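Colleague: Sending over a structure as structure tokens; questions will come in a sec.
The values are calculated or read from the model by the stated rules, or taken from the named source; none is laboratory data. Worth saying up front: this structure is predicted, and the values here are computed from it rather than measured. Every residue, glycine among them, receives a Cβ derived from its backbone with ideal geometry; neighbour counts consider all protein chains shown. Quick note on the areas: whole protein, heavy atoms, side chains included, nothing else; ligands and nucleic acids left out. Shrake-Rupley method; radii C 1.70, N 1.55, O 1.52, S 1.80 Å.
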Amino acid sequence: MTIALGTALALLVLWWALRFLPAGAEGRLPLPYLIALIPFLWIPALLLAIVAAVLGCWPLAVAAVALAVIVALRVPLYRLSLRGTSRETKRETYRETHPDTSDTTARGYDEQPDAPITVMTLNCRFGRADADAIMDAVRAHDVDVLALQELTAGLVAALDAAGIRDVLPHRQLGEDRPTDNGGFNGLWTRLAPVAAASSSAQIPAADVPVIVASPTRNGRPADAPDAAIAFASAHTKSPMRGCRAWSRGIVGLGRLALQRAAVVLGDLNCGIDHPSFRKLLAAGFRDASMSALRKPMVSFPSWLAWPRIELDHVLISGGIDAERVETLTIHGSDHLATVAALRIR
């Protein structure tokens, strides 16, 4: 029995240690899924500790309790890669493709000079998310930038019918391609774009549309070139659609950190335990939920209160801070929507 318990504990430790693989090495099935379940390893570890204690195997019981504590408290975890490295590089410019560049500014900024920018992201589950529910959330939270993934032409039309242009008049969609993973990505914003493009990162997944906008600062438009923020909507492939493409897509989003200030929103199909995601953070990003809450924001599946895993993210770089992050239920989607309030320094 002691040998059996020791073997079980060793397997749990090896499972937990998968998070320390080099980035990209986890791009083989079933490693992405095993790593995604690491936050729940405290459950079998605790059960093993109880069995070992009942049988009088105290060294094993203590070791299993230690593993359960390490996993449950996520130690050592975030401090290793919580902060992306600061990179002072020349800001890239994107080819302007958006025809409407009116002087509309974010609603409420003139009256509230210090108001944060509110962003929201949602995986729309093959276009099944309810357009009216999305618009209700946009209005209720005064969303300035909306990023959607797994869009369909039908959902875009439903959003138009629900009045999205009245609230978020500027948009940029990715190209609708047969190879997309569940649908294409899109962005809507009330901030007046200075540039936009249907694709901002060449990754093996759906296009990553981007809108570059200059929000107002201290009640006045931020006209300085380095004041522009690049907002991108991303959806990396799920491992089941191509494990190596999944890893390459996550790491490939790091090129967006070359912006002086960037916000990447979307379903990245990964969490802080995945080495590829931590490599993306090391490119210069910070996870908004980690910055604001000191913990990951779990968002999938929406129909379960527990257990849920971390898939959807708001990543920030440059002079942007996250003040508040929360999740919302949107009818028709299997993901929770993530809403974040961002402050521009």
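Colleague: Out of the residues in region 276-287 meeting the condition of being farther than 22 Å from residue 301 by Cβ and not in a helix (DSSP H, G or I), tell me which one is most open to solvent (accessible area, probe 1.4 Å).
Modeller: In this case the residue turns out to be 286.
Colleague: Applying the selection to region 32-57, what residues are open to solvent by 40 Å² or more (accessible area, probe 1.4 Å), in a helix (DSSP H, G or I) and either modelled with pLDDT under 95 or of a type in the set (A, V, I, L, M) (or both)?
Modeller: 34, 43, 46, 47, 50, 51, 54
Colleague: Check residue 292 against each of (1) within 15 Å of the chain's Cα centre (by Cα); (2) within 20 Å of residue 144 (Cα to Cα); (3) open to solvent by 10 Å² or more (accessible area, probe 1.4 Å); (4) at pLDDT 95 or above and name the one condition it does not meet.
Modeller: Residue 292 satisfies every listed condition except (4).
Colleague: Looking at region 191-201, is at least one residue in contact with a His (Cβ under 8 Å, 6 or more places away or on another chain) and either surrounded by fewer than 24 Cβ atoms within 10 Å (Cβ to Cβ) or among the aromatic types (Phe, Trp, Tyr) (or both)? Walk me through it before giving the result.
Modeller: Of all residues in region 191-201, those in contact with a His (Cβ under 8 Å, 6 or more places away or on another chain) come to 191-193, 195-196.
From what's left, either surrounded by fewer than 24 Cβ atoms within 10 Å (Cβ to Cβ) or among the aromatic types (Phe, Trp, Tyr) (or both): 192, 195.
The answer is yes, given that some residue of region 191-201 is in contact with a His (Cβ under 8 Å, 6 or more places away or on another chain) and either surrounded by fewer than 24 Cβ atoms within 10 Å (Cβ to Cβ) or among the aromatic types (Phe, Trp, Tyr) (or both).
Colleague: Just the residues that are farther than 15 Å from residue 121 by Cα, outside any loop (DSSP other than H, G, I, E, B) and open to solvent by less than 40 Å² (accessible area, probe 1.4 Å), please, taken from region 310-323.
Modeller: Keep residues of region 310-323 that are farther than 15 Å from residue 121 by Cα, which gives 317-321, 323.
Right, trim to outside any loop (DSSP other than H, G, I, E, B) and you get 320-321, 323.
Answer for region 310-323, where residues must be farther than 15 Å from residue 121 by Cα, outside any loop (DSSP other than H, G, I, E, B) and open to solvent by less than 40 Å² (accessible area, probe 1.4 Å): just 320.
Colleague: In region 324-345, which residue that is over 14 Å from the mean Cα position of the chain (by Cα) and assigned to a loop (DSSP other than H, G, I, E, B) is surrounded by the most Cβ atoms within 10 Å (Cβ to Cβ)?
Modeller: Looking at the filtered set, the residue picked out is 333.
Colleague: State all residues of region 258-275 that are buried (at least 24 other Cβ atoms within 10 Å of the Cβ) and more than 22 Å from residue 72 (Cα to Cα); if no residue qualifies, say none.
Modeller: 259, 262, 263, 264, 265, 266, 267, 268, listed by residue number.
Colleague: Only one of 100, 130 is under 17 Å from residue 186 (Cα atoms) and modelled with pLDDT under 95. Can you tell me which?
Modeller: Values: 130 fails: modelled with pLDDT under 95.
100 is the lone residue from the list that is under 17 Å from residue 186 (Cα atoms) and modelled with pLDDT under 95.
Colleague: Return the residues of region 58-75 that are over 26 Å from residue 271 (Cβ atoms) and either touching a residue at least 40 places away in the same chain (Cβ under 8 Å) or open to solvent by 40 Å² or more (accessible area, probe 1.4 Å) (or both); say none if nothing qualifies. Reasoning before the result, please.
Modeller: First, pick out the residues of region 58-75 that are over 26 Å from residue 271 (Cβ atoms): 58-62.
Of everything in region 58-75, those that are over 26 Å from residue 271 (Cβ atoms) and either touching a residue at least 40 places away in the same chain (Cβ under 8 Å) or open to solvent by 40 Å² or more (accessible area, probe 1.4 Å) (or both) turn out to be 58, 59, 60, 62.
Colleague: Can you run down the residue pairs with Cβ atoms below 6 Å, 6 or more apart or on separate chains, where the first is in region 257-284 and of a type in the set (D, E, K, R) and the partner is in a loop (DSSP other than H, G, I, E, B)?
Modeller: 260/91; 260/318; 267/311; 279/23
Colleague: Identify all residues within region 245-255 that are closer than 14 Å to residue 235 by Cβ and buried (at least 22 other Cβ atoms within 10 Å of the Cβ); write none if there are none.
Modeller: 246, 249, 250, 253
Colleague: Restricting to region 228-244, and then to whatever is surrounded by 21 or more Cβ atoms within 10 Å (Cβ to Cβ) and assigned to a loop (DSSP other than H, G, I, E, B), can you tell me which residue is farthest from the chain's Cα centre (by Cα)? It would help to see each step written out before you state the result.
Modeller: Pass one, region 228-244, residues surrounded by 21 or more Cβ atoms within 10 Å (Cβ to Cβ): 228-237, 239.
Remaining after also requiring assigned to a loop (DSSP other than H, G, I, E, B): 228, 236-237.
Details: 228: 21, 236: 10, 237: 13 Å.
Here the residue is 228.
Colleague: With respect to residue 276, determine if the residue is at pLDDT below 95 and among the hydroxyl-bearing types (Ser, Thr, Tyr).
Modeller: Working: at pLDDT below 95: no; among the hydroxyl-bearing types (Ser, Thr, Tyr): yes.
Spelling it out, it is not the case that residue 276 is at pLDDT below 95 and among the hydroxyl-bearing types (Ser, Thr, Tyr).
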